[in-house]
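Step one of this worksheet: look at the structure below.
Coordinate-derived values only; no laboratory data. From a predicted model like this one, the values you see are computed outputs, not experimental measurements. Glycine gets a Cβ as well: all are built from the backbone with ideal geometry, and neighbour counts include every protein chain shown.
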Amino acid sequence: MVVRALHQVGLRSTHLQVLSLGSVLLCLGLWVRAKTVDEEQRDNAERRALSNSNEVAMRSTAPQR
């Protein structure tokens, strides 16, 4: 039933196989990119995230005028 509907829409097994392979390649690419970010960049990103969250917390607890 699903196969027939996909076939009628124009999707063939080749399209789905290419989509599947593209998804795997995207995941591998993102994984490699995450592994190659050096420690200094990671520390800077964490520091920025922490300082931004502290600023937001301080603004939300500051008395309103």
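For the chain, the mean residue ellipticity at 222 nm estimated from helices alone is -28500 deg cm²/dmol, where every DSSP H run of n ≥ 4 contributes -39500 (n - 2.57) and the total is divided by all residues, rounded to the nearest 500.
Please report, in debye to the nearest 20, how large the charge dipole of the stretch 2-61 is about its Cα centre when each Lys and Arg carries +1 at its beta carbon and each Asp and Glu carries -1 there.
Once rounded to the nearest 20, the dipole reads 420 debye.
For the chain, what log10 I(q)/I(0) values come out of the Debye formula at q = 0.14, 0.15, 0.28 1/Å, with one point per alpha carbon and no solvent? Each listed q corresponds, in turn, to -0.68, -0.70, -1.06.
Choose one of LEU6, SER51, LEU19: the residue whose Cα lies farthest towards the positive end of the charge dipole of the stretch 2-61 (beta-carbon charges +1 Lys, Arg; -1 Asp, Glu; about the Cα centre). Going by the charge dipole, the pick is LEU6.
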